Amino acid sequence: MKIFAITFASFLPVAAIAQAARNQAPGRTWITNVNIVSPQKLGHIEKGSVLIESGRIVSVQRRKGAKEPAGATVVSGEGQFLVPGLIDSHVQLASVLGMRPEVNFGPAEAKPASIKEYLKQLPRSYLYFGYTTLVDLAVIDRRVLDDFRQAPLHPDLYNCGESLPFANGYPMSFASPETRFRPFPNLSTTLTKPPAFPLNTSRKITLLQQR
């Protein structure tokens, strides 16, 4: 069984788990006396202990005071809750929350330092709140996804590739006319600026680049 996440109700920092993993004997971690929230028993929360070896759950003891395995690093789960990893099936990692679409879609000259720091901490933020699998539905900047996967600690990341939108339609319409054509390479590359007139359906289709 693959381990998806270790999420505690008091949000025990991810760094503490990572440090324990680095100090343990051959990849073994024993989480003791923790409240186990299981999809198989949603109506009954049990206290028990969990053994993790090389990133996988190998044993779940649903009783208090289970015997500690030899050579394992012990992490106390007293007063905490252990739940399966959460999945966010609709993220757009290159979009910075709270910033206008033209800042997200366009170059980062406006607040480069803030955007850099935001993207740097993003993998840890998802783990901190229990998300261990993400699906990016519209890749705006593939470099953001590559950097995300290079982080020392990060959720599993999948993506659906770049968008194939109608010109000036969703999601392009959220950005200003000056910037909305930049992040969507699936549109015709012969367009160097947005048209000055509304597009009807038949004209929109001709602007799509088949891949």
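The values are calculated or read from the model by the stated rules, or taken from the named source; none is laboratory data. The structure presented is a predicted model; accordingly, all values stated were derived computationally and were not measured. Heads up, the Cβs are rebuilt from the backbone with ideal geometry, glycines too, and the neighbour counts pull from every protein chain shown.
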**Request:** Might you let me know whether the stretch 99-122 holds any residue that is modelled with pLDDT of 95 or more and under 26 Å from residue 36 (Cα atoms)?
**Result:** no
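Any residue that is out of contact with any Cys (no Cβ under 8 Å at 6 or more places or on another chain), small (Gly, Ala, Ser) and exposed (fewer than 11 other Cβ atoms within 10 Å of the Cβ) - is there at least one of those in the stretch 40-52?
If we filter the stretch 40-52 for residues that are out of contact with any Cys (no Cβ under 8 Å at 6 or more places or on another chain), which is where we start, we get 40-52.
Cutting the leftovers down to small (Gly, Ala, Ser) gives us 43, 48-49.
Filter once more, so that each one left must be exposed (fewer than 11 other Cβ atoms within 10 Å of the Cβ): 43.
The answer is yes; a qualifying residue exists.
I'd like to verify a number: residues in the stretch 144-180 that are of a type outside the set (Asp, Glu) and assigned to a loop (DSSP other than H, G, I, E, B), how many?
Counting residues in the stretch 144-180 that are of a type outside the set (Asp, Glu) and assigned to a loop (DSSP other than H, G, I, E, B) gives 21.
Residues are listed down the side, and each one gets a yes or a no for (1) in contact (Cβ under 8 Å) with a residue 60 or more places away in the chain; (2) part of a strand (DSSP E or B); (3) touching a strand residue (DSSP E or B) at 6+ places or on another chain (Cβ under 6 Å):
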position	(1), (2), (3)
40	no, no, no
44	no, no, no
49	no, yes, yes
52	no, yes, yes
60	no, yes, yes
65	no, no, no
74	no, yes, yes
78	no, no, yes
95	no, no, no
**Asked** In the stretch 137-146, which residues are at pLDDT 95 or above and surrounded by 17 or more Cβ atoms within 10 Å (Cβ to Cβ)?
**Response** 145
